[in-house]
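Note sheet for the following structure.
The values are calculated or read from the model by the stated rules, or taken from the named source; none is laboratory data. Only a predicted model underlies this, so the values are computations on that prediction, with no experimental measurement involved. Reconstructed Cβ throughout: ideal geometry from the backbone, glycine too, with neighbour counts over all protein chains shown.
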Amino acid sequence: MSLQALGITSGYHRNRPVLENVSLEIPPGRLIGLTGPSGTGKSTLARILASLDAPWSGEVRIDGSPVVGTKFSVPAALRGTVSMLFQSPRASTDPRQTLASIIGQPGDIAGRTIDVVALAAEVGLTPDLLSRRPHQVSDGQLQRACLARSLAQQPKYLICDEATAMLDAATTAALIRLIESRATETGVGVLLISHDRELLGACCDVVHDLDGIRA
């Protein structure tokens, strides 16, 4: 039982791969760190693990099942199993939506009810913020809403791609505590991608350098 990348090769141009034969495993209930220089394919690997992009070769497996397709073409049984928290909350939200709508989005897609107020409270958002739109809140508050949206998806695996890079130290610490708590309480497996090796070393069970997981 784990989220696995097996022999992944991919990139932006066919003759210039940024990932070559990369393998990585995220077990349930554990925080796995991934670091490496800019431009080495960390975000590319994250998008492939989240089924947002397909690799050129290799495969992703979720609890032993190979993932076929991307986005909404992924089989229903696997869709929503992996959620992704992006670096920029403003780039990953609709500026016309309220925070309540952002958090409740997975429920709208899946046709189920989300307890938006409870999720907001879990990530440290007060009820008065839920009627506000992205331009009316701070980056930290908006990223908390994005984390709540990811948790509303009820994923088995959570990928955080430089999710704290734009946040101050206090907000970063608060979000990491929330993610650690979720991993412990619900068994969600977490991949934390960051340039901050000190941060990863403090909170992750294992930290990989991307160059070290190339075969």
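For the reader, a short list of remarks on this structure follows.
- Being under 13 Å from the mean Cα position of the chain (by Cα), within 21 Å of Asp94 (Cβ to Cβ) and either in a strand (DSSP E or B) or of a type in the set (S, T, N, Q) (or both) is a description that applies to Gln143.
- Considering the stretch 91-106, the residues that are more than 18 Å from the chain's Cα centre (by Cα) and not in a loop (DSSP other than H, G, I, E, B) include one that is surrounded by the most Cβ atoms within 10 Å (Cβ to Cβ), namely Leu99.
- As for the stretch 1-19, it holds at least one residue that is in a loop (DSSP other than H, G, I, E, B) and either within 17 Å of Val188 (Cα to Cα) or outside the structural domain of Glu162 (by TED's automatic domain parsing) (or both).
- Any chance Arg79 is of a type in the set (D, E, K, R) and free of Cβ contacts under 8 Å to residues at least 40 places away in the same chain: yes
- Among the residues of the stretch 76-89, those that are out of contact with any strand residue (DSSP E or B) (no Cβ under 7 Å at 6 or more places or on another chain) and surrounded by 14 or more Cβ atoms within 10 Å (Cβ to Cβ) comprise Arg79, Gly80, Ser88, Pro89.
- Matching option when the condition is at pLDDT below 90 and over 15 Å from Pro155 (Cβ atoms), among Ser43, Ser38, Ser57, Ser92: Ser38
- Residue-level check: of (1) in contact (Cβ under 8 Å) with a residue 60 or more places away in the chain; (2) not assigned by TED's automatic domain parsing to the domain that holds Thr184, Thr98 misses just (1).
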